[in-house]
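Student: Let me give you the structure first, and then I'll get to my questions.
Here, each number is a calculation from the coordinates, and none is a lab measurement. These numbers come from a predicted model, not from an experiment. Here Cβ is always computed from backbone atoms with ideal geometry, including for glycine, and neighbour counts include all displayed protein chains.
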Amino acid sequence: MELTTIWFLLVAVLFTGYFILEGFDFGVGMLLPALGRDDRERRVLINTIGPVWDGNEVWLITAAGAMFAAFPEWYATLFSGFYLPLLLILLALIARGVAFEYRHKRPEATWKRRWDTAIFLGSLIPAALWGVAFANILRGVPLDADHEYVGGLVNLLNPYALLGGATTATLFLTHGATFIALKTVGDIRHRARTLAVRLGTATAALAVAFLTWTLTIRSSTAAIALAAGAAIALLAGLAAARARREGWAFTGTAVAIALAVATLFAA
């Protein structure tokens, strides 16, 4: 096995770890308005990811560092061509991190609602834009002789990329709902479990559409097998959620994310 192949696999593993771990962070943040009926419930939801959200972002830093070290042209093209989407992701992550730290500094309801909005948007924007970015990488973007991106933002917001963004957002929502059901008790757990099943149905439909479209653009035997595995894992997770097996439900969505990311790298 060549060294470049090893580095490519390492980058794939790092992005897979990032999306599994940060995926439920995004999901919890996006579900904050839906599941948090009052301040106490919102604090419960935030506390489920409080000890881990910042550590999970280290995976992204490590993945970017590995890309810079092993594939500098890939890194340069990605971060220049996708400058605006990646900047929006960065700003959203910063806003979300600040919101986690400052939300409890003052007792006023208006103060907390503003930071809750920052948490919601700081989770939704990256969850969708990561799908848009990876979909465009798979679809291909126009480059000049110096490997510089020559398109505009409108070129990045094509139907295939928007479908990718919707798929990742709903997948992370489902992943977050299973995580909340795993980490909470009582009424919040019941509502999270019910929501996970409903979201999972929409996620399955979007994922099948996106992966099918992906395989028409770039197809390989490994990608087809991984895509099928991702679909099976997601359906197994939904079945576990219906059976009130929260641990297995979370495992199912985590495996689905892992295999979906592997499909993108194998396509």
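Student: According to a simple spin-label model (label point 7 Å from Cα along Cα-to-Cβ), what is the distance in nm between residue 157 and residue 244?
Tutor: Taking the simple label geometry, residue 244 and residue 157 are separated by 4.5 nm.
Student: Just the C-alpha atoms of segment 116-267: what Rg/Rh do they give, with Rh taken as the Kirkwood radius? Provide the component values of the computation, followed by the final result.
Tutor: Values: Rg = 16.6 Å, Rh = 16.1 Å.
Answer for segment 116-267: 1.03.
Student: Using only Cα atoms, locate the centre of segment 1-62 and the centre of segment 175-194, then give the distance between them in Å, rounded to an integer.
Tutor: 17
Student: Compute for segment 177-267: radius of gyration divided by Kirkwood radius, i.e. Rg/Rh, restricted to C-alpha atoms, rounded to two decimals. Can you show the working numbers first?
Tutor: Numbers: Rg = 14.0 Å, Rh = 13.3 Å.
For segment 177-267, the value is 1.05.
Student: Still on this model: So which residue, out of 132, 150, 11, gets the largest mean-square fluctuation from a GNM of the chain using Cα contacts under 10 Å as springs?
Tutor: Among 132, 150, 11, the largest mean-square fluctuation in the Gaussian network model of the chain belongs to 150.
Student: Can you report the principal axis dimensions of segment 1-48 using only the alpha carbons, biggest first, rounded to whole angstrom?
Tutor: Principal-axis extents of segment 1-48 (Cα, largest first): 55, 15, 7 Å.
Student: Also: Suppose the chain between residue 108 and residue 1 were pulled fully straight at 0.36 nm per residue; how much longer would it get relative to their current alpha carbon spacing?
Tutor: Contour length minus the Cα-Cα distance gives 32.6 nm.
Student: Suppose the chain between residue 212 and residue 225 were pulled fully straight at 0.36 nm per residue; how much longer would it get relative to their current alpha carbon spacing?
Tutor: So the chain would gain 3.5 nm between residue 212 and residue 225.
Student: Mind checking the dipole of the chain: about its Cα centre, +1 per Lys or Arg Cβ, -1 per Asp or Glu Cβ, Debye to the nearest 20?
Tutor: Working: 21 positive and 17 negative charges, 274 e Å.
Result for the chain is approximately 1320 debye, rounded to the nearest 20.
Student: Most fluctuating residue of 12, 69, 256 in a GNM of the chain with Cα springs under 10 Å: which is it?
Tutor: Fluctuation is largest for 69.
Student: Compute the FRET efficiency between residue 147 and residue 84 as 1/(1 + (r/R0)^6), taking r as their Cβ-Cβ distance and R0 = 22 Å, and round to the nearest 0.05.
Tutor: 0.75
Student: Please check: in the Gaussian network model of the chain (C-alpha springs, under 10 Å), which one of 247, 200, 131 has the largest mean-square fluctuation.
Tutor: Greatest mean-square fluctuation among the candidates belongs to 247.
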